[in-house]
Amino acid sequence: MNEDAFRTVIEPFRIHSVEPLQMTTAQQRREVARAAAYNLFQIHSSEVLIDLLTDSGTGAMSRDQWAAIQHGDESYAGSPSYFVFRDAVRALFPYEHVIPTHQGRAAEKILFSVIGGPGKVVPSNTHFDTTRANIEWTGAEAVDLVIEEGRDPQALHPFKGNMDTARLEALLTDRGEDVACVMMTVTNNSGGGQPVSLANLRAVSEIAHAHGKLLILDACRFGENAWFIREREEGQSGRDVPDIVRDMAACADGMTMSAKKDPMGNIGGWLALDDDGLAQECRSMLILTEGFPTYGGLAGRDLEAIAQGIAECVDHDYLRYRVRSTAYLAEALDHLGVPCLKPAGGHAVYIDARAMLPHIPSLEFPGQALAVALYETGGVRSCEIGSVMFGRHPDGTESPAAMELVRLAIPRRTYTQSHIDYVIEVCERVAEQAPDLTGYRIVDEPPALRHFTAAFERIE
Ligand code: F0G
């Protein structure tokens, strides 16, 4: 037996500065939920005990990131902080042009306002909602081509984020002229945080390039994706994660990126490209909407913190802990009989609310019922990803979403195992009450993106 092998994967850090959590009673939380019209986005975060709404920008920065902040140079043009940032990006993603933005969706907005437009189509494994929205905003069409297993919550496959290459080939053959670029989201957030294999990335790259199209990575969780490649793909075990990331980068011609995810920034993103002409057009848009090309929408100190975070997020001890601690939550829920999307993703566990609350019809929002119950019972904030988020269509009609999920997203390095043990206990208690939970109706909603502001009423 390996004397270094222990069952417990501990947090590979100790705590250096703490933030108090505010304890509340169930009675108080029921009042808070009612006052927020049962919309968890409307609750003040000080009234949340464990916040699993998102893993975006909510991670804990390291000592070295805070130290890097002190190196921030706030010059308008040519700040050394930009070059530190650019070099950190290029150490993993050696693209010619690195363009900072204030967050991921700004990179998407810039790229698609240049290459999108009416009549165009952009395939991906699964577009994240802001990516889809930015493509559609230009009048182009966003198409999801994830493999069949990626659409089934219970299907077991090591790379459920893979793209269906036959469907991609068919799209490029039928509508090659219209395809603005091919995208790949790593990991596939909207499909459950599932990874893409290097083999699939290479196949997609070959197909895209054979048709003369750019392949762009939506690379938010590239470190987690590379770790899954190392763990699960034939011929990849034992490799250095930064090398795997560079292999992923070599498949593509550029990337959009949210630095609020794997690079552990509280804010930030970038667009990177090899093509000089395209980069020039994107930089012109950047100046219009974000800022001068050496800071984008960011302060110099943010660029420094991100550069340090990029190096930290490919550390093996960190990634082992990150992926293992997400799986720990998923395994405990599975053990309790709480139905979850399988296998566990890198950054989140997704509870299958349709399977857990079969007595609540989709348009009475089982995911919302579950998310509110998790909050009222234990102060755990999660996010409905189901018919509240996707049920209302641009033409005003309403229909059930493909899946009714509740996402428990794990902020990086923020909660300890005992926080997660508490979340497991809250889920257990909610599972016991499941038959008594009732659905919701929406009493007020905006014309688009209703999940952020809709008001709900509980159906008694
Ligand atoms: N792409 C993916 C795959 C994402 O998950 C996100 C954000 C973005 C792009 C946009 O980046 O927020 O910096 O503008 N996802 C967050 C989430 C919001 O909760 O999953 P951003």
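The values are calculated or read from the model by the stated rules, or taken from the named source; none is laboratory data. As the structure is a prediction and not an experimental result, all values here were calculated from the model. Heads up, the Cβs are rebuilt from the backbone with ideal geometry, glycines too, and the neighbour counts pull from every protein chain shown. With ligands, DNA and RNA removed, areas are computed over all heavy atoms of the protein, side chains included. Shrake-Rupley method; radii C 1.70, N 1.55, O 1.52, S 1.80 Å.
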Would you mind getting me the FRET efficiency between residue 148 and residue 441? Use the beta-carbon distance for r and R0 = 30 Å, nearest 0.05.
0.30
May I have the count of lysine pairs in the chain with C-alpha atoms under 21 Å apart, counting pairs 8 or more residues apart or located on different chains?
7
Sites residue 284 and residue 70, calculated FRET efficiency, Cβ-Cβ separation with R0 30 Å, nearest 0.05:
0.35
So, for region 347-406, what is the accessible surface per residue at a probe of 1.4 Å, expressed in square angstrom?
30 Å²
Determine the sum of side-chain charges near residue 83: Lys and Arg each +1, Asp and Glu each -1, restricted to other residues whose C-beta is under 15 angstrom from that of residue 83.
-3
Report D for region 63-312 in µm² per second (integer): Stokes-Einstein, Kirkwood Rh on Cα pairs, 20 °C, 1.002 mPa s.
119 µm²/s
In the chain, taking the dipole from +1 charges on Lys and Arg beta carbons and -1 charges on Asp and Glu beta carbons about the Cα centre, the listed residue (306, 377, 59) farthest towards the positive end is 377
With the full set of protein chains in place, find how many percent of the accessible area of the chain is carbon and sulfur; take the probe as 1.4 Å.
51 percent
Sort 377-388, 266-277, 69-80 by packing, meaning the average of other beta carbons within 10 Å per residue, with the highest value first.
377-388, 266-277, 69-80
Inter-label distance, nm, simple model (7 Å from Cα along the C-beta direction), residue 455/residue 232
4.4 nm
Positive-end extreme of charge dipole, region 220-340 - chosen from 285, 337, 237 (charges on Cβ)
337
From Cα coordinates alone, what are the radius of gyration and Dmax values for the chain in angstrom?
21.6, 62
For region 336-460, state the average projected area of the convex hull of the C-alpha atoms over all orientations, rounded to one decimal in nm².
8.0 nm²
With point charges of +1 on the Cβ of Lys and Arg and -1 on the Cβ of Asp and Glu, referenced to the Cα centre of region 108-205, which listed residue (201, 166, 133) lies farthest in the positive direction of the dipole?
201
List the equivalent ellipsoid semi-axes of region 1-99 in whole Å, largest first, each obtained as the square root of 5λ for an eigenvalue λ of the Cα gyration tensor.
37, 25, 15
Expected output is a single nm value to one decimal: the length gained when fully extending between residue 5 and residue 402, i.e. 0.36 nm times separation in residues minus the C-alpha distance. What is it?
138.8 nm
Quickly work out the residue 210-to-residue 28 label distance, labels modelled 7 Å from Cα along the C-beta direction, and quote it in nm with one decimal.
6.2 nm
Kirkwood-based Rg/Rh on the Cα set of region 28-158 evaluates to 1.05
Simple spin-label model, 7 Å along Cα-to-Cβ: residue 15 to residue 156 in nm?
3.6 nm
